[in-house]
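The values are calculated or read from the model by the stated rules, or taken from the named source; none is laboratory data. Quantities reported herein were computed from a predicted structural model and do not represent experimental measurements. FYI the Cβ positions are ideal-geometry reconstructions off the backbone, even for glycines, and counts take in every protein chain you see. Side chains included, ligands, DNA and RNA excluded: accessible areas come from the protein's heavy atoms. Shrake-Rupley method; radii C 1.70, N 1.55, O 1.52, S 1.80 Å.
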Number of protein chains: 2
Amino acid sequence: MNTRFLKACNNEKVDTIPVWFMRQAGRYLNEYRKIREKYSIIEIIKNPEICVYVSILPVKKLNVDACILFSDLTTPLIFMDVEFDIVENEGPILLKTIENYKDISNLKNFDERKIYFVGETISILKQSLDVPIIGFIGGQFTFVSYLVEGKATRNFIKTKFLMLNETKIWHYLMEKITENLFMFAKYQIEKGVDALQIFDSWIYVLGSYEFENFVLPYLENLISKLKSFKVPIIYFSLGDLAIKFINKIDADVFSVDWRVDISQLFNIDKKFAIQGNLDPCVLLTSFENIKLRVEMLLNQIKNNKGYIFNCGHGILPQTPIENVKMLVEFVHQKGREIYGS
Amino acid sequence: MNTRFLKACNNEKVDTIPVWFMRQAGRYLNEYRKIREKYSIIEIIKNPEICVYVSILPVKKLNVDACILFSDLTTPLIFMDVEFDIVENEGPILLKTIENYKDISNLKNFDERKIYFVGETISILKQSLDVPIIGFIGGQFTFVSYLVEGKATRNFIKTKFLMLNETKIWHYLMEKITENLFMFAKYQIEKGVDALQIFDSWIYVLGSYEFENFVLPYLENLISKLKSFKVPIIYFSLGDLAIKFINKIDADVFSVDWRVDISQLFNIDKKFAIQGNLDPCVLLTSFENIKLRVEMLLNQIKNNKGYIFNCGHGILPQTPIENVKMLVEFVHQKGREIYGS
C-alpha cells in the first residue's frame with residue numbers, strides 16, 4: 001500500500017510529495033467522456049461497476065497517490081428522497097426547493113439501504129487498489145445552498161435570505177443536514193475509506209459574521225464527531241474564509257485554493273497539513289510554465305507541516321492529459337529533492 | 001450643493017455619513033422596471049433624456065448623497081466598435097471574442113463623437129442636481145475578461161489562459177484597454193463628474209501572483225494618470241485581494257464588500273477613505289435586522305478615515321424600497337450621533 005498520502009495528512013515523514021486531483025475522474029479523460037455519453041453522474045454513482053471503473057481510471061493513468069470515490073455534492077439527495085431532474089451541463093435541478101419547516105421535515109433521514117451502492121463501490125475499490133481511498137461529503141453550507149436554491153447558483157440570495165431572515169428555519173435545517181451528512185460520512189468510513197474530504201466550496205460568499213454565527217458551530221460539531229473515527233478529515237473550500245477561522249476548525253488537512261498565501265499557512269502554530277493551492281488554469285499552459293509555477297509553490301513548503309499536492313479546485317475539462325501526467329512526475333521528483341530521499 | 005460625499009472621500013470633517021448605493025437606479029424601483037420594459041441598458045445609455053431620468057430617480061426617492069451616472073461595464077464596447085447582441089437577463093453577448101493581435105488591433109480607440117451621449121447626460125445631470133455625480137468605468141481586468149469571454153462568466157478560464165499562456169497578447173491588450181479606459185474616464189471628468197468609480201468586481205478570481213504581475217501595473221498606471229484631475233478616485237472590487245495590495249493602489253477611496261474586515265482598514269497607516277461593506281442581502285430582511293447590522297458596521301468607524309455608506313455590491317432587484325429609504329435615514333441619523341453634530 002502506498003501510504004505517503006496518509007502520512008502527509010498526519011504530518012509524518014514521507015519519501016516524496018503525494019499528489020491527487022479533485023475531479024481526477026473527469027471530462028479531461030477520453031474514457032470518462034465516453035462513459036458520460038451513456039450515463040449521468042447519478043447513474044454512475046448508482047452503478048458500482050461503472051463507479052469503480054471511473055474512480056480507478058485516473059489512478060492507473062496518472063500514478064496519483066490517492067483515489068477519490070467518484071461522487072457528487074448532491075448524492076445525499078438520493079437517500080433524502082428529494083426529487084430532481086438531471087439537466088445536461090447543469091447537474092440536478094430540484095423539483096421543489098426547501099423553504100419551510102414542512103419541507104425540512106419531509107427530508108428523509110440517512111438510510112444505508114437507499115445508498116448501498118456507495119458501500120459496494122467502496123468495498124470493490126478496497127480490493128482493487130494499493131492507494132488510499134478518499135470519501136466525499138459536501139460541507140453543510142454548500143449542501144444546504146443546493147437544497148434552498150434548487151440548483152447551482154452565483155449569488156446565494158435565497159440561501160442568505162433564509163439564514164438572515166428565517167433564522168429558526170435555518171438552524172433547524174442545518175441541524176438536520178449536519179446529522180445526515182455525518183451519518184453518510186460515517187457509513188463511508190465504516191465501509192473502508194481511508195480519509196474523508198468535506199467539500200465546502202461556497203462558504204467564501206459569506207462574511208465572517210454569517211460564517212461564525214450560522215455555519216461554523218455546525219461545522220465544528222460535524223468535524224469533532226468525525227474525528228473519533230481516526231481517519232484524516234480534509235476540509236476543502238474556495239477563498240480564504242476558512243483560514244480566518246483555522247483555529248476553530250479541527251480538520252487534519254486544509255485544502256486551499258490559489259487565493260490563499262500558503263507560505264503563511266506553514267507559519268501558523270497549530271498542527272494540520274496543507275493540500276492544494278495551484279490554480280487549475282495553470283494546467284492549461286505550457287510544460288515550462290507549469291513547472292515554473294509548481295516550483296514557486298513547492299519552494300514554500302516547510303517540514304513542520306505535511307503537504308499534499310493538489311489544485312485549488314477540480315481539473316478543468318480542457319486540460320491536456322499529458323500536462324497532468326507530466327505534473328505528477330514532476331511533483332514526485334521535486335518532492336524527493338525537497339525531502340532528501 | 002450637498003458636499004458630504006466629496007468631503008468623506010477626502011477624509012474631511014462631515015456633518016453625517018454620506019450614503020449612496022451601487023445600482024441605486026435598478027430593478028428594485030418600479031419606475032426603472034417600466035423603463036426597462038421598453039429599452040435595453042444600452043438604449044438607455046444612448047438616450048440622454050432617459051439616462052438622466054433613470055440616474056436621478058433614486059436621488060429624489062431616497063435622499064442619497066451622490067448620483068452615479070447610469071452606465072455599464074460594457075459601455076466602451078460602443079466606441080470600440082465591438083459588435084454584440086443584447087440577450088435579456090444576460091447583458092451584451094459579443095459576436096466575436098478577442099483572442100489575438102488582429103482582434104486587438106481592430107478595437108477602435110476612444111472617440112468622443114461615438115460616445116457624445118454620455119457627455120450630454122453628464123451635462124444635464126450637472127444642471128439638475130445638488131449632489132455630486134460619480135462617473136463610471138470598469139477596471140481593466142474586469143473589462144478585459146468581458147472582451148475575452150464574450151459575456152459574463154463564472155470561471156474566467158479563457159481570460160486566465162490568455163494571461164498565463166499568451167502573455168504577450170495579454171500585455172498588448174491590457175495596454176490598449178488601459179489607454180482607452182483612461183480616455184473614457186478623462187472625458188467623463190472633463191464633462192463634469194465630481195468623482196470616478198472604477199468597477200473592478202472580478203479581480204478576486206485571481207491569486208496574488210497573477211494580480212501583481214498581469215493586472216496591478218496597469219491599474220497603478222491608470223490611477224496615477226487619473227489622479228492628476230483632482231477628483232476622488234474610488235476603487236471597487238469584490239473580495240479582499242485589493243486590500244492585500246492597498247499600499248500599491250493609489251485610490252482615494254476603497255469600496256469593499258462584506259468579506260473585508262473593515263475594522264482592520266481603519267487601522268492601516270495610509271491616507272484613504274472607505275466605502276461599503278454591507279452585504280446587500282441584509283436589505284432583504286426586517287427593519288430590525290437591518291438596523292442591527294448597520295449599527296455593528298458603524299461601530300467600527302474611526303475618525304481618522306472618511307467613511308461612505310454603501311453595500312458591498314449592487315442593490316438586489318428583490319429589495320423592498322421601504323427598506324432602502326429607512327436605511328438612508330437611519331445611517332444619516334447614526335452618522336450625526338457618531339460625528340457629534
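Summarising the label geometry, the points placed 7 Å from Cα in the beta-carbon direction at residue B:322 and residue B:105 lie 6.2 nm from one another. The residues A:338, A:68, sorted by heavy-atom accessible surface at 1.4 Å with ligands and nucleic acids left out, run A:338, A:68 from largest to smallest.
Taking a Cβ cut-off of under 10 Å around residue A:26, the surrounding Lys, Arg, Asp and Glu residues balance to a net charge of +4, with basic ones at +1 and acidic ones at -1. Taking the three principal axes of the alpha carbon atoms in the protein assembly as shown, the coordinate ranges are 79, 56, 48 Å, sorted in descending order. The trypsin sites (Lys or Arg not before Pro) of segment A:1-103 that meet both conditions, a loop assignment by DSSP and at most 12 other Cβ atoms within 10 Å of the site Cβ, are A:13, A:96. Each other residue within a Cβ distance under 12 Å of residue A:324 adds +1 if Lys or Arg and -1 if Asp or Glu, for a net charge of +1. Expressed as a whole percent, the accessible surface of chain B that belongs to carbon and sulfur atoms is 48, based on a 1.4 Å probe.
As a length-normalised measure over Cα pairs under 8 Å and 6 or more apart, the relative contact order of segment B:127-183 settles at 37 percent. Only the Cβ atoms of Lys and Arg (+1) and of Asp and Glu (-1) were treated as charged; on that basis the dipole of chain A about its Cα centre amounts to roughly 400 debye. For segment A:1-156, the pair-distance distribution built from all alpha carbon pairs, in bins 5 Å wide starting at 0, is 1, 8, 16, 18, 18, 15, 11, 7, 3, 1, 0 percent. Give the angle, between 0 and 90 degrees and rounded to the nearest 10, that separates the Cα long axis of helix B:287-298 from the longest principal axis of the Cα atoms of chain B. Its long axis makes an angle of about 80 degrees. If you sort the three axes of the alpha carbon gyration tensor as a ≥ b ≥ c, you get a/c of 1.5 or more for segment B:27-267 and a/b no higher than b/c, which makes it oblate. In chain A, the calculated helix contribution to ellipticity at 222 nm averages -14000 deg cm²/dmol per residue, counting -39,500 (n - 2.57) for every DSSP H run with n ≥ 4. Distance between the pseudo-spin-label points of residue B:128 and residue A:81 (7 Å out from Cα toward the beta carbon): 5.8 nm. About the centre of its Cα atoms, segment B:152-228 shows a dipole size close to 180 debye [charges on the beta carbon of Lys, Arg (+1) and Asp, Glu (-1) only; nearest 20 debye].
Counting Lys and Arg as +1 and Asp and Glu as -1, each charge on the Cβ, what is the dipole of segment B:1-92 about the Cα centre in debye, to the nearest 20? So the magnitude is around 580 debye. Residues in the protein assembly as shown average 39 Å² of solvent-accessible surface per residue, probe 1.4 Å, ligands and nucleic acids excluded. Using a probe of 1.4 Å, the accessible surface attributed to residue B:250 totals some 80 Å² when neighbouring protein chains are kept in position. Residues A:302, A:225, A:176 ordered from highest to lowest accessible area at a 1.4 Å probe: A:302, A:225, A:176. Between B and A, buried accessible area summed over both sides at probe 1.4 Å, in Å² to the nearest 100? Protein heavy atoms only, the B-A interface buries about 2600 Å². Copy-to-copy label distances for residue B:34, where each label lies 7 Å from Cα along Cα-to-Cβ, are 6.2 nm in order of increasing length. When you count the other C-beta atoms within 10 angstrom of each residue and take the mean per peptide, B:190-196, B:52-58, B:126-132 line up highest first as B:52-58, B:190-196, B:126-132.
For chain B, the relative contact order is 24 percent, taking Cα pairs closer than 8 Å that sit 6 or more residues apart in sequence and dividing their mean separation by the residue count. Sequentially through segment B:113-126, phi angles give Karplus couplings (6.51, -1.76, 1.60; θ = phi - 60°) of 5, 7, 9, 3, 5, 5, x, 4, 4, 4, 4, 5, 4, 3 Hz, Gly and Pro residues having no value and appearing as x.
Comparing the full protein assembly with the isolated chain (1.4 Å probe, heavy atoms, ligands and nucleic acids excluded), the residues of segment A:252-290 losing at least 30 square angstrom of accessible area are A:258, A:259, A:279, A:281, A:284, A:285.
Site pair residue B:34 and residue B:93 shows an inter-label distance of 3.1 nm when each label is modelled 7 Å from Cα along Cα→Cβ. For a straight C-alpha distance cut-off of 14 angstrom, the aspartates and glutamates reachable from residue A:186 (same-chain residues fewer than eight places away being disregarded) are A:111, A:112, A:194.
Backbone N atoms of segment A:261-283 closer than 11 Å to the 7 Å Cα→Cβ label point of residue B:155 belong to residues A:280-281.
Note on A:147-154: average number of Cβ atoms from other chains within 10 Å of each residue's Cβ is 0.
The residues packed around residue B:229, meaning those with a beta-carbon under 13 Å from its beta-carbon, carry a net charge of +2 if Lys and Arg are +1 and Asp and Glu are -1.
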